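The values are calculated or read from the model by the stated rules, or taken from the named source; none is laboratory data. Owing to the predicted nature of the structure, the values given are computational and were not obtained by experimental measurement. As a convention, Cβ positions derive from the backbone with ideal geometry for all residues, glycine included, and neighbour counts pool all protein chains shown. Remember, those area values only see protein heavy atoms, side chains included, never the ligands or the DNA or RNA. Shrake-Rupley method; radii C 1.70, N 1.55, O 1.52, S 1.80 Å.
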Amino acid sequence: MKNNQIVLNFLVFAEKIANGRQQNELLADIKALGFQAVEIRREYFKDIQKEIPLIKKEAARLGLDLFYSVPDEVYVSGSINPNLVGYLQEANEMGVKQIKWNIGDFNGELHTEELKALIDSGVAITIENDQTQTSGTISAIKKYMTAVTAENLAIGYVYDLGNWRFVGEDEVTAAEALAEYVHYIHVKDVRYEANQSQATGLDHGVIDWRKVLSILPDNLPIAIEYPTKTNEEILEAKNLLEEEVK
């Protein structure tokens, strides 16, 4: 894999956010760690209206590309979620290049015209395999991406490496089945304690992440996405990825 842009997802700073820090306050730290792109998490806002312009200004000052993770679904009871328009407005106000949602309860009806209106917002739209049986399985992602591709809708797919273990599926099988749709990659390893899956750092769990990356397309953004406690943990993952994708 070559020319991959390594992104830092704000999940790495979960502890700092819980202790009162704001995402805009941590952007300079991310830049100092050597990243050129960051994924903002909507659930981490404390006062979204005040923080959005601060993030936009600070990201522009630092030259950081912005991705936006929104923990909501495209479909609610089979219909397009009415909140999506507002999320895209937030993304545009921040200067975000790409937004990520979950599929939700897609029943086979795309609502193509409504999706086209969302796509025309100017922000790239993606969906992710989450940790639910509803929209986090290989079959659910395949079904949806086959449908949007058939309609030539510009919706991409975020392959989340660790989430497959949480729905009882295999990440290598998923990579082989879904590689053609992947626009963005989230990486984490997974370890087991008392038969419970827990996200952990690369090479600290059971996933052969190098094999998975060898299956997925080249030249895509790759985000580090799991809680950390130290900058050293972040840099360890960054160095491992840089060694693998150089």
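Points to keep in mind about this one:
- FRET efficiency for residue 139 and residue 57, using Cβ-Cβ distance with R0 set to 45 Å, rounded to 0.05: 0.55
- Average accessible surface for the chain: 44 Å² per residue, computed with a 1.4 Å probe over protein heavy atoms with every protein chain in place.
- In segment 113-236, the C-alpha radius of gyration followed by the widest Cα-Cα span (Dmax) gives 15.3, 47 angstrom.
- Span from the segment 154-174 Cα centroid across to the segment 39-56 one, whole angstrom: 27 Å
- Dividing the mean sequence gap of close Cα pairs (under 8 Å, 6+ apart) by how many residues the chain holds gives a relative contact order of 22 percent.
- For residue 110, the solvent-accessible surface with a 1.4 Å probe is about 20 Å², rounded to the nearest 10.
- The accessible area of residue 218, taken with all protein chains in place and a 1.4 Å probe, comes to roughly 80 Å².
- Partners of residue 56 within straight-line reach, counting lysines whose Cα lies under 23 Å from its Cα and excluding those fewer than 8 residues away in the same chain: 16, 31, 46, 97, 100.
- Per-residue surface analysis assigns residue 204 an accessible area of about 100 Å², computed on protein heavy atoms at 1.4 Å probe radius.
- Rg and Dmax, both from the Cα atoms of the chain and both in Å, are 17.3, 47.
- Stretching the chain fully between residue 231 and residue 194 yields a gain of 10.5 nm (0.36 nm per residue, less the alpha carbon separation).
- Accessible-area order (highest first, 1.4 angstrom probe) of the listed residues 137, 230: 230, 137
- Modelled FRET efficiency - R0 41 Å, residue 206 with residue 120, Cβ distances, 0.05 increments: 0.45
- Gain upon complete extension [residue 48, residue 15; 0.36 nm per residue less C-alpha separation]: 10.0 nm
- Spatial separation of Cα centroids for segment 15-35 and segment 67-139, in angstrom: 26 Å
- Projected label points at residue 243 and residue 214, each 7 Å from Cα along the beta carbon direction, are separated by 1.6 nanometres.
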